[in-house]
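J.: Quick one: this structure, given as structure tokens, is what I'll be asking you about.
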Number of protein chains: 2
Amino acid sequence: MSIVVVGSVALDTIHTPSSTHEELAGGSACYFSLAARHFRPVGVVAVVGEDFPQRHLDLLARRDIDLTGLAREPGRTFRWEGVYAEDPNQRRTLRTELGVFERFHPTLPEAYIGAEALFLANIEPNLQLEVLDAAGEIPLVAVDTMNFWIEGNRPAVDRVIARAQVLLINDEEAHLLTGTANPAVAAEQIRERGPEVVVIKKGAHGVAARGPWGWLVLPALPVTEVLDPTGAGDSFAGGLIGYLADRDWRDRDLFAAGLALATSVASLVVGEFGVGAIAEDRSDELRARCHRLHEATRFEVPRTFR
Amino acid sequence: MSIVVVGSVALDTIHTPSSTHEELAGGSACYFSLAARHFRPVGVVAVVGEDFPQRHLDLLARRDIDLTGLAREPGRTFRWEGVYAEDPNQRRTLRTELGVFERFHPTLPEAYIGAEALFLANIEPNLQLEVLDAAGEIPLVAVDTMNFWIEGNRPAVDRVIARAQVLLINDEEAHLLTGTANPAVAAEQIRERGPEVVVIKKGAHGVAARGPWGWLVLPALPVTEVLDPTGAGDSFAGGLIGYLADRDWRDRDLFAAGLALATSVASLVVGEFGVGAIAEDRSDELRARCHRLHEATRFEVPRTFR
């Protein structure tokens with residue numbers, strides 16, 4: 001197994017101004033694995049209920065996603081329902097029904113031991129610590145956004161952060177973790193607590209990453225059609241960790257390429273509902289978007305000003 | 001004269017969590033010209049009252065800024081007072097005292113006719129139209145942010161926009177002008193009304209510009225010390241228009257370099273109070289920051305994903 005993701009597999013109901021889509025395949029592990037498998041094989045550790053549709057399992061199992069670690073428990077699958085405003089950056093949660101996710105206890109299958117990368121999505125930090133203990137030596141441990149737990153279980157969050165090589169958070173979480181409103185300062189402070197790279201996800205405003213090579217910053221690709229931003233952050237992480245899993249992620253140029261690919265995946269995902277945009281292999285489209293991002297950002301420093 | 005700016009020269013009083021600075025040289029024309037003169041000579045059209053300090057005039061007149069068009073009228077100078085929160089992106093205006101700016105009637109000195117570029121800062125749009133009529137044929141007309149007037153005098157704003165080659169606005173103004181919340185869509189719609197380039201300024205999140213060459217997008221430089229964001233937008237415009245004034249601004253690579261320099265100027269300005277950071281020639285520092293931005297954003301599109 002190359003990459004292991006521990007997170008949620010869910011049924012999402014999404015309302016936008018133009019339409020409603022019910023019980024889509026969703027959850028962090030779902031978006032992450034569909035993005036990451038463009039680069040490396042992925043093994044999922046998550047739980048679904050008895051009601052999780054076979055067609056969603058088929059979608060995940062189709063290519064390079066190992067579901068050995070996806071438990072099926074008696075009860076209902078984790079459900080989320082949300083509504084997006086005309087401005088798709090504004091969303092409101094209508095319903096969260098934890099179902100079997102409430103008693104989720106991640107167990108790593110034998111085949112997942114010795115992975116190249118481990119991605120811990122937003123789950124209870126004590127569970128993340130258990131996974132870290134069970135997983136053995138892993139070259140790249142990445143931990144994602146954990147807003148809820150920063151206030152709810154800070155000591156455990158701090159222990160998880162100390163064991164992460166790459167931490168992915170947003171502006172607000174950087175502020176919560178450090179007490180400083182300036183994300184550039186916050187990222188440097190967080191690096192002193194363990195992670196070699198702090199990736200600050202800014203959604204429609206792109207990404208800023210502070211690592212051993214200094215700062216890497218990339219804007220998002222301008223997209224004229226944003227249908228459904230659900231899962232953009234998890235897909236971003238899937239693109240980044242997927243690309244870096246068997247590479248030297250301490251290398252500046254490789255990390256920069258990973259961020260560009262991650263940006264491209266996220267721009268793709270928001271253009272369709274649910275995981276629709278990455279249900280199939282979209283490598284060619286990802287490469288095309290990466291070229292568009294390159295063309296939109298490249299410049300030469302002028303030699304003369306006058 | 002290479003560049004003419006029509007805008008405000010003001011006395012700013014700025015409160016931050018750490019200190020207060022009173023009656024600093026400020027206003028759009030002041031920030032713009034101090035940034036732009038790093039590239040080309042600038043002529044200012046603005047008005048001050050009898051109380052405007054000689055030391056501020058000396059600062060402006062020092063190098064490559066022509067003050068022939070700066071009228072001095074009986075009465076008090078335009079004053080602005082504001083307070084920044086711990087998060088410097090949040091500011092509150094405490095006081096706006098228009099003074100002589102209320103009766104400002106811009107007049108172009110003879111020597112300013114036939115400039116390479118004209119920058120119309122945020123003033124009443126009918127005055128902007130008068131300036132456009134008086135200025136004759138100008139290769140590059142740039143118009144800046146005009147939030148107040150979009151709601152107050154929309155017909156005049158539309159006429160100004162139709163005569164601009166480059167329009168600089170923010171997300172909110174793009175939304176107000178078009179009714180669409182997606183800035184990528186809004187920029188394309190606004191281009192159909194006249195401007196060949198629409199530059200969307202996003203402050204700490206960078207800039208996105210839609211022109212004949214497609215999209216150019218650049219993030220802001222991460223800055224660990226933001227002392228005073230006042231004038232960042234006007235300095236950004238000064239860097240951009242300053243660099244492009246005698247160049248082919250329809251050329252993608254030149255526009256991209258201009259955006260990078262503008263980003264560098266803005267990052268410099270916010271690090272000191274008022275115009276402190278650009279009161280002297282800072283060309284070397286601007287070039288260094290431009291290199292930092294280049295290093296933070298460059299990447300190669302991966303040839304293989306696996």
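J.: So the label point sits 7 Å from Cα along the Cα-to-Cβ vector; using that for A:G271, what distances do you get to the other copies, in nanometres, sorted shortest first?
T.: 3.8
J.: To continue, here is another question. Hey, if you put +1 on the Cβ of every Lys and Arg and -1 on every Asp and Glu Cβ in the protein assembly as shown, which of B:L11, A:A115, B:T145 ends up farthest toward the positive end of that dipole?
T.: A:A115
J.: Counting only C-alpha contacts under 8 Å and six or more residues apart, can you give the relative contact order of region B:3-297 as a whole percent? Present the calculation step by step, with values, prior to reporting the outcome.
T.: Numbers: 639 pairs, mean separation 52.7, N = 295.
Across region B:3-297, relative contact order equals 18 percent.
J.: Assign unit charges at the C-beta atoms only (+1 for Lys and Arg, -1 for Asp and Glu), then state the dipole size of region A:3-297 relative to its Cα centre in Debye, rounded to the nearest 20.
T.: Values: 27 positive and 42 negative charges, 81 e Å.
Dipole of region A:3-297, to the nearest 20 debye: 380 debye.
J.: Answer rounded, prolate or oblate for the protein assembly as shown, using the Cα gyration tensor with square roots of eigenvalues a ≥ b ≥ c: rounded when a/c is under 1.5, else prolate when a/b is larger than b/c, else oblate. Walk me through the numbers on the way to the answer.
T.: Values: a/c = 2.25, a/b = 2.10, b/c = 1.07.
It comes out prolate by the Cα gyration axes.
J.: In whole angstrom, note down how far apart the Cα centers of region A:247-288 and region B:278-306 are.
T.: Using only Cα atoms, the two centres lie 23 Å from each other.
J.: Which of A:V207, A:V45, A:V217 moves most in a GNM of chain A, Cα contacts under 10 Å?
T.: Of A:V207, A:V45, A:V217, the Gaussian network model singles out A:V217 as fluctuating most.
J.: Right, here's the next one. Place the label 7 angstrom along Cα→C-beta at A:R163 and in each other copy, then list the distances from the first to the rest in nm, shortest first.
T.: 6.7
J.: Which chain A residue hugs the A-B rotation axis most tightly by its Cβ, and what is that distance in angstrom, to the nearest whole number?
T.: Closest to the rotation axis on chain A: A:H205, 2.
J.: Once each part is reduced to its C-alpha centroid, what is the distance from region B:172-243 to region A:38-108 in angstrom?
T.: 38 Å
J.: Which distances in nm, rounded to one decimal and ordered from shortest, link the label point of A:R103 to the equivalent label points in the other identical copies, with labels set 7 Å from Cα toward Cβ?
T.: When each copy's label point is compared with this one, the spacings are 8.2 nm.
J.: Another question, then. Using 7 Å Cα-to-Cβ label points, what is the B:R163/A:R154 separation (nm, one decimal)?
T.: 5.8 nm
J.: Give the shape of chain A as rounded, prolate or oblate, defined through the alpha-carbon gyration tensor: a ≥ b ≥ c are the square roots of its eigenvalues, a/c under 1.5 means rounded, and otherwise the shape is prolate if a/b is larger than b/c and oblate if not. Present the calculation step by step, with values, prior to reporting the outcome.
T.: Working: a/c = 1.44, a/b = 1.21, b/c = 1.19.
Note, shape of chain A comes out rounded.
J.: Hey, in the GNM for chain B with a 10 angstrom Cα cutoff, which one of B:I241, B:I161, B:I138 fluctuates hardest?
T.: Looking only at B:I241, B:I161, B:I138, the largest GNM fluctuation is found for B:I138.
Since every read-out is calculated from the coordinates, none of them should be taken as a lab result. Please read these numbers as outputs of a predicted model, since none were measured by experiment. Glycine gets a Cβ as well: all are built from the backbone with ideal geometry, and neighbour counts include every protein chain shown.
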